[in-house]
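**Student:** Below are the structure tokens for one structure; questions will follow.
The values are calculated or read from the model by the stated rules, or taken from the named source; none is laboratory data. Everything numeric here is computed off the predicted structure, so don't read it as measured data. Reconstructed Cβ throughout: ideal geometry from the backbone, glycine too, with neighbour counts over all protein chains shown. All accessible areas refer to the heavy atoms of the entire protein, side chains included, with ligands and DNA or RNA removed. Shrake-Rupley method; radii C 1.70, N 1.55, O 1.52, S 1.80 Å.
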Amino acid sequence: MSDNQTIMEVNNLKMYFPITRGVFKRTVGWTQAVDDVSFRIKKGETLGLVGESGCGKTTLGRAILQLHKPTAGTVKFEGEELTTLPRRDLRERTSRMQIIFQDPFSSLNPRMTVGAIVREPLVIHGVANGEERRRVVEELLERVGLNAQFANRFPHEFSGGQRQRIGIARALALNPTFIVADEPITSLDVSIQAQIVNLMEDLQDELGLTYLFITHDLSMVRHICDRVAVMYLGKIVELSGVEALYNNAMHPYTQSLLSAIPVPDPVVEETRQRIILEGDVPSPANPPAGCNFCTRCPKVMERCFHAEPELKELAPDHSVACFVAEESWQKASMQKEV
Amino acid sequence: MNNQSPLMSVKDLTTRFHTEDGTVFAVNGISYDLFEGETIAVVGESGCGKSVHALSIMRLIPTPPGEIVRGEVTFQGRDLLKLPRDAMRHVRGTEIAMIFQDPMTSLNPVFTIGYQIAEPLREHLNMSKKAAEERVVELLDMVGISDAAERVKSYPHEFSGGMRQRAMIAMALSCMPKLLIADEPTTALDVTIQAQIVELVKRLRAELNMSIIWITHDLGIVAGLAERILVMYAGYIVETAPVKELYANPSHPYTLGLLRSLPRVDKGRAAGRRLIPIAGLPPDQIDPTNACPFAPRCQFAVERCLSENPSLKSIGPRHQIACWVNVHEAAPEVVR
Ligand SMILES: Nc1ncnc2c1ncn2[C@@H]1O[C@H](COP(=O)(O)OP(=O)(O)OP(=O)(O)O)[C@@H](O)[C@H]1O
Ligand SMILES: Nc1ncnc2c1ncn2[C@@H]1O[C@H](COP(=O)(O)OP(=O)(O)OP(=O)(O)O)[C@@H](O)[C@H]1O
Ligand SMILES: [Mg+2]
Ligand SMILES: [Mg+2]
């Protein structure tokens, strides 16, 4: 299935966390944080991963990077299966995959200088030495728009945006090809968010990076991503090219998500129709029978309570897991034939 | 709306914090009027003084280190800053209510939701236990919590984030305030829940004829909610205008910068369109100079901006900016 356009191929990935009780930590249930997810990421693209808090975005990102040991499924990176690799080989292979964290305040060790933080991956992987390492660190800092002199300072001396730049410099140290960016701009001020997004776009152009961009900011996704995967309660419910998703969302969840995003323009807001969802997201420890979205879906049908829809490609590069979407697609294609 | 006298009139409100590092000039002489039934939004980035401004109106500034240095907050004829403590407590319980950003910090984990909403009703409105309990069920019902009669017995941790925020709104509205101050009430919530809360507030505002001050850093959310916007930077109001005018005709370089740095969900990325960030960082507001606080980040700054901080001046009907430069003349290609 894999070809040389694909950098990452994920099949039937599951990540369940045990729920334990009592002194003996008896397992009484499972949090199904990621539940049977399959997708591919093309070389050089940015795939957006969106969905509400707790739907499993971070867990999926970490499971791909093998920071969690997946419960089931396969993860093929640059043609090589990671889930069966021995620990030692894994570390070497995963140096080409890096992560940028949401919170630039807690993700940097406060007792290390900026230089030491950026240098650390080089040390761990035994890349370069002495003078050479110092030069690499300086280059990395300059590449992300920081002054090379900053190497001797500590993280607390920097603003949120600057700390996120430090995190990016560190992620770039080992020349990765693939970066999971887990809400890299969420905790930053609006005026600073644009600085970091532009930096990430420039680095992608210069270094040919592939991004998995995790966020719940759908306005930013439309700006930065080539394709988008929408998650709901541990599953991907829609996966498509970015323009198709925004112009022709097929899953009722995606439709309501898009309608809920405010637009900074009062004239547009006056005429916008909102699809307001009732209630809250169910717990991933106890997902509903049938379709996971059936408890909140405005278009729910009888069948949705019993059977679980699969992710199906209904249009080129546009997959949806929804019986309602499938039916209307079938009707539409039947009309075409007539 | 304009020919009546304002519900609240803030004049020259100035609040500072005396800290080890120096004095933080958090709010620097802001003035504005709020009319009955009007919704205004206070927008600006982290640290610009939005919360301190609201807490000053509510007289909830921790003193020390905080100090309301000067100003007046005339609410229905009385200066709140001069009221005795008890009278102010009563105003907070009955006439002005506030919703805080993080509902967990303002809900007490050891009492049931029902008890916490009933408390102020009994204290400020002298309701009987039974009447208060009935009212609580009505209120929870009003904010869209299903099965309210059962839910009053729940503890805060048994509610989801969105439900807690709705419970907070129910508590804030319990005494039918004339003014609701909402400090980033949806920032921690998902967009679908945020949309629920915004619809709820719009509906209640119409039903109760409340005035609202909605504090946020999100220029998106208030576009469809507020009638007037106050843009704050470094403790100053730098631009204020009716909502449509502000978005159609932003005239302070900071407002312009904020709007240009935002991606929009209703518009695709036109070929090669890049976000246009504002360079640099906001100032720390410790012992500031006489310069315009935005000057170091401003692409339009001229000599004068470095020596003299501009005050608000009118540039159109109800549209004011604090800026020496006319960006529309200086750079029409940027403003479009
Ligand atoms: N290490 C863990 N042990 C047990 N449960 C976990 C663990 N990590 C995550 N979970 C659970 O898995 C589910 C998915 O969490 P995850 O952090 O992946 O969500 P998310 O989509 O990243 O949310 P957010 O937008 O809030 O970051 C949640 O119910 C969470 O409580
Ligand atoms: N208790 C305090 N002691 C010292 N300084 C304070 C205190 N409270 C606020 N400040 C300072 O006052 C300034 C304004 O803070 P404020 O909380 O009003 O910002 P804000 O606009 O509400 O920001 P945010 O969007 O992050 O909530 C900041 O510089 C802040 O550090
Ligand atoms: Mg997460
Ligand atoms: Mg605040």
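**Student:** Amide H of B:Gly37 versus every other amide H placed in the peptide plane: which residues, excluding those fewer than 5 positions away on the same chain, fall under 5 Å?
**Tutor:** Sorted by chain and number, the residues that satisfy this are B:Ser211.
**Student:** Which FRET efficiency, nearest 0.05, do B:Glu199 and B:Ala149 yield, Cβ-Cβ r, R0 22 Å?
**Tutor:** Efficiency, rounded to the nearest 0.05: 0.40.
**Student:** When only Cα pairs under 8 Å and 6 or more residues apart are kept, what is the percent relative contact order across the range A:110-220?
**Tutor:** Contact order relative to length: 28 percent.
**Student:** How far apart, in nm, are two points set 7 Å out from the Cα along the Cα-to-Cβ line at A:Arg26 and at A:Lys43?
**Tutor:** Modelled inter-label distance: 5.4 nm.
**Student:** Once neighbouring chains are kept in place and the probe is 1.4 Å, which whole percent of the accessible area of the protein assembly as shown is contributed by carbon and sulfur?
**Tutor:** Details: 15070 of 29990 Å².
Using a 1.4 Å probe with all protein chains present, the protein assembly as shown comes out at 50 percent carbon and sulfur.
**Student:** With every protein chain left in place, what is the accessible area per residue of chain B in square angstrom, probe 1.4 Å? Before the final figure, lay out the partial values.
**Tutor:** Numbers: 14620 Å² over 336 residues.
Per residue, chain B has an accessible area of 44 Å².
**Student:** Can you run the Rg to Rh ratio on chain A? Use alpha carbon positions and the Kirkwood inverse-distance Rh.
**Tutor:** Value, to two decimals: 1.00.
**Student:** Return the long-range amide H neighbours of A:Val180 (sequence gap of 5 or more, or a different chain), with a cut-off of under 5 Å between placed amide H atoms.
**Tutor:** Residues meeting the amide H criterion: A:Gln98, A:Ile99, A:Ile100, A:Leu212.
**Student:** On a C-alpha basis, how far is the centre of the range B:121-164 from the centre of the range B:201-233 in Å? Whole number, if you could?
**Tutor:** 25
**Student:** For B:Arg228, B:Arg85, A:Arg170, B:Arg264, write out the residues from largest to smallest accessible area, computed with a 1.4 angstrom probe and no ligands counted.
**Tutor:** Solvent-accessible surface, decreasing: B:Arg85, A:Arg170, B:Arg264, B:Arg228.
**Student:** Check which residues have an amide H placed less than 5 Å from B:Val238's amide H, if you skip close sequence neighbours.
**Tutor:** B:Val231, B:Met232, B:Tyr233
**Student:** Looking at the protein assembly as shown, I'd like the Rg to Rh ratio, where Rg is from alpha-carbon atoms and Rh is Kirkwood's inverse mean 1/r.
**Tutor:** Here the Rg-to-Rh quotient is 0.97.
**Student:** How many Cβ atoms of partner chains, on average, are near each residue of B:198-208 if near means within 10 Å of its Cβ?
**Tutor:** If you average over the peptide's residues, the count of other-chain Cβ atoms is 1.
**Student:** Per residue of the range A:90-100, what does 6.51 cos²θ - 1.76 cosθ + 1.60 with θ = phi - 60° give for ³J(HN,Hα)? Whole Hz please, x for Gly and Pro, Karplus curve as stated.
**Tutor:** Using θ = phi - 60°, the values come out as 4, 4, 5, 5, 6, 5, 8, 10, 10, 10, 10 Hz.
**Student:** Scale the Cα Rg of the range B:1-160 by the rule-of-thumb value 2.2 N^0.38 Å and send over the ratio, two decimals.
**Tutor:** 1.22
**Student:** Need one word for the range A:234-338: rounded, prolate or oblate. Basis is the Cα gyration tensor (sqrt eigenvalues a ≥ b ≥ c); a/c below 1.5 gives rounded, then a/b vs b/c decides.
**Tutor:** Cα axes put the range A:234-338 in the oblate bin.
**Student:** Viscosity 0.692 mPa s, temperature 37 °C: what is the translational diffusion coefficient of chain B from Stokes-Einstein with a Kirkwood Rh over Cα pairs, rounded to a whole number of µm²/s?
**Tutor:** Stokes-Einstein gives a translational diffusion coefficient of 154 µm²/s.
**Student:** Taking Cα centroids, how far is the range A:3-33 from the range A:285-323 in Å?
**Tutor:** 21
**Student:** Could you compute the FRET efficiency for B:Thr105 and B:Gln299, with r as their C-beta to C-beta distance and R0 at 41 Å, rounded to 0.05?
**Tutor:** Working: r = 39 Å, r/R0 = 0.95.
E(calc), rounded to 0.05, equals 0.60.
**Student:** Now a separate question. Averaged over its residues, how many other protein chain Cβ atoms are within 10 Å of peptide B:185-195's Cβ atoms?
**Tutor:** Mean partner shielding for this stretch: 6.
**Student:** When the dipole is taken about the Cα centre of the range B:211-336, and only Lys, Arg (+1) and Asp, Glu (-1) are charged at their Cβ, what size is it in debye, to the nearest 20?
**Tutor:** 540
**Student:** Quickly work out the A:Glu80-to-B:Glu207 label distance, labels modelled 7 Å from Cα along the C-beta direction, and quote it in nm with one decimal.
**Tutor:** Distance between the two pseudo-spin positions: 6.2 nm.
**Student:** Just from its helices, what would the mean residue ellipticity at 222 nm be for the protein assembly as shown, if runs of 4 or more DSSP H residues each count -39500 (n - 2.57) and the sum is divided by every residue, rounded to the nearest 500 deg cm²/dmol?
**Tutor:** -9500 deg cm²/dmol
**Student:** In degrees between 0 and 90, to the nearest 10, how far off the longest principal axis of chain A does helix A:160-172 point, with axes built from Cα atoms?
**Tutor:** Helix A:160-172 sits roughly 80 degrees off the main axis of chain A.
**Student:** Right, next: When the Karplus curve 6.51 cos²θ - 1.76 cosθ + 1.60 is applied with θ = phi - 60°, which whole-Hz ³J(HN,Hα) does each residue of the range A:44-60 get, with x for Gly and Pro?
**Tutor:** Each residue of the range A:44-60 in turn: x, 9, 10, 9, x, 10, 10, x, 6, 3, x, 7, x, 4, 4, 4, 4 Hz.
**Student:** Still on this model: Can you give the relative contact order of chain A as a percent, counting alpha carbon pairs under 8 Å and 6+ residues apart?
**Tutor:** Across chain A, relative contact order equals 18 percent.
**Student:** Average projected area of the Cα convex hull of the range A:105-206, in nm²?
**Tutor:** About 6.3 nm², averaged over all directions.
**Student:** For the pairs A:Lys57/A:Lys299; A:Lys69/A:Lys235; B:Lys11/B:Lys202; A:Lys42/A:Lys336, note any where the Cα-Cα span goes beyond 22 Å.
**Tutor:** A:Lys57/A:Lys299; B:Lys11/B:Lys202; A:Lys42/A:Lys336
**Student:** While we're here: Comparing B:Glu239, B:Glu207, B:Glu38, which has the greatest mean-square fluctuation in the GNM of chain B with Cα pairs linked when under 10 Å apart?
**Tutor:** Checking each option, the largest mean-square fluctuation is seen for B:Glu207.
**Student:** GNM on chain A, C-alpha springs below 10 Å: top fluctuator among A:Glu302, A:Glu142, A:Glu313?
**Tutor:** Greatest mean-square fluctuation among the candidates belongs to A:Glu302.
**Student:** Turning to a different aspect of this structure: Provide the per-residue ³J(HN,Hα) series for the range B:66-74, in order, calculated from phi with Karplus coefficients 6.51, -1.76, 1.60 and θ = phi - 60°, each as a whole number of Hz, with x at glycine and proline positions.
**Tutor:** Here the 3J(HN,Hα) series is x, 8, 7, 6, 7, x, 9, 10, 8 Hz.
**Student:** For A:Ala332 and A:Arg111, what does the FRET efficiency come to when R0 = 60 Å and r is the distance between their Cβ atoms, rounded to the nearest 0.05?
**Tutor:** 0.50
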